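The values are calculated or read from the model by the stated rules, or taken from the named source; none is laboratory data. It should be emphasised that the depicted structure is a prediction, and the values quoted were computed from it without experimental measurement. Heads up, the Cβs are rebuilt from the backbone with ideal geometry, glycines too, and the neighbour counts pull from every protein chain shown.
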Amino acid sequence: MQTTPSPARPGTLWRHARLATLDGPEPWGWVEDGALLTEGGHIAWVGRDADVGTALASRPAPQAEHDLQGALMTPGLIDAHTHLVYGGDRAAEFELRLQGATYEQIARAGGGIRSTVAATRAASDESLFAAAARRARVLMAEGVTTLEVKSGYGLDATHEARCLAVARRLGRELPLTVRTTSLGAHALPPEYAGRADDYIDAVCAWLPAQQAAGLVDAVDVFCDTIGFTPAQTRRVFDAARALGLPVKLHAEQLSDQGGAALAASYRALSCDHLEHLSEAGVAAMAASGTVAMLLPGAYYFLRETRLPPVAALRAAGVPMAIATDHNPGSSPALSLLLMLSMACTLFRLTPEEAFRGVTEHAARALGLADRGRLAAGQRADLAVWDAQHPRELAYVFGHNPCRTVVQAGVARAAGPAPWQPA
Ligand code: NIG
Ligand code: FE
């Protein structure tokens, strides 16, 4: 990842913006009439528009200047939990669920994740890339500048590596940072039926090669009754730790396995889902500084009724992040803005909590300290909105007010994404 400013990239001054910097003690880090200067892909200065003259006095003149006339500017959005690379879809499974079958019943009958595994293994690299790139562009049109992508639909050494390589290619070919997560322990592939421990041996064995190939930034496990046990989770985490890779966990989604406390004992970056999280799990996450990644799309689409313990997380000071969890089975969501609305309406987060959840706290969930706020030294990943205040982004749903996206200092028009058939 590029961290040093490049002199080839010109400085740009953005003036008369309403700034939600998420920096400093003010609610939203608010600056009513603000300005922001980028240089070489990073933010060089941010402050009140009235102070632009003083700020520029000691700097080279910016090559471009834009008057935003009071439009809202925020950090670029970060979708820190997706399963974006897969073949096929599960629209027929959706119909089955509408007729009464449960997600768990479908999974146990060999459908669910395993049907996507079959479609993914059968798909070419090129078609996996094309489908994932289309999905990524839809997210990017709403201001997403950083995206996490998990493997987990290959479930053998070859296909897992292939999916991670497709994710890496997204980061090279689109104006987007992609962070990859190895999720071999997502489901038991059919060839290992009845041999989950042997499969976990295999997952642990292929991690070093994935890391050596530069394919993996973190390691995840689905710890649940239809996933893997806490003991199996521990083995994968030990293998990750031996390689110096950070871990995260699909924890307490369908049942309480004590997964969050286990993950916290490995200083996990995040625990994700958490509808069945216990008080002890909350305390363990607070002590380890682990982010609670809330996924309202999956809660909604599976028609869950048990809410994640938001009040307890808030009281314990656990940072909360929000993501789409885009995947074909439990959350075919392609709108991080809609997740803001759902986080407020369904989970009762405040609009500011939800917005910090797709910026500041999402960055933290990916272990990235260089983004998620508007402050000097941060990456110039920005979004400009046809809005006056960021609470509007959580309030309106079914509409994309994103006007401009800036990624590492380079601006492009946002708005409706082209969706071409494959
Ligand atoms: O995050 N919980 C496990 N994994 C996904 C669902 C994947 C699928 O159903 O294909 C999730 O909800
Ligand atoms: Fe997930």
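Observations
- Of the criteria (1) more than 19 Å from His42 (Cα to Cα); (2) in contact with a strand residue (DSSP E or B) (Cβ under 8 Å, 6 or more places away or on another chain), which one Asp370 fails: (1)
- Every residue from region 228-259 that is surrounded by fewer than 24 Cβ atoms within 10 Å (Cβ to Cβ) and within 12 Å of ligand 1 (Cβ to nearest atom): Leu254, Ser255
- Filter result for the condition that a residue is touching a residue at least 24 places away in the same chain (Cβ under 8 Å), more than 16 Å from ligand 2 (Cβ to nearest atom), in contact with a Ser or Thr (Cβ under 7 Å, 6 or more places away or on another chain) and part of a helix (DSSP H, G or I), over Arg168, Arg137, Arg121, Arg162: Arg168
- Conditions (1) more than 16 Å from ligand 2 (Cβ to nearest atom); (2) assigned to a loop (DSSP other than H, G, I, E, B); (3) touching a Lys or Arg at 6+ places or on another chain (Cβ under 9 Å); (4) on the phi < 0 side of the Ramachandran plot; number of the one not met by Leu245: (3)
- Among residues of region 99-118, those that are modelled with pLDDT under 95, in a helix (DSSP H, G or I) and among the aliphatic types (A, V, I, L, M), counted: 3
- The criterion of at least 2 residues that are at pLDDT 95 or above and surrounded by 24 or more Cβ atoms within 10 Å (Cβ to Cβ) is met, among helices (runs of 4 or more DSSP H) falling completely within region 301-392, by 336-345, 351-357, 360-365.
- Among residues of region 181-227 being among the hydrophobic types (A, V, I, L, M, F, W, C) and within 13 Å of ligand 1 (Cβ to nearest atom), the one that is farthest from Leu249 (Cα to Cα) is Leu188.
- Met285 in contact with a strand residue (DSSP E or B) (Cβ under 8 Å, 6 or more places away or on another chain), aliphatic (A, V, I, L, M), over 28 Å from Val117 (Cβ atoms) and crowded, with 23+ Cβ neighbours inside 10 Å: yes
- Taken together, the residues in region 256-300 that are over 28 Å from Gly100 (Cα atoms), not polar (S, T, N, Q) and not in a helix (DSSP H, G or I) amount to 10.
- So Ala196, is it more than 16 Å from Tyr86 (Cα to Cα), in contact with a strand residue (DSSP E or B) (Cβ under 9 Å, 6 or more places away or on another chain) and surrounded by fewer than 24 Cβ atoms within 10 Å (Cβ to Cβ): yes
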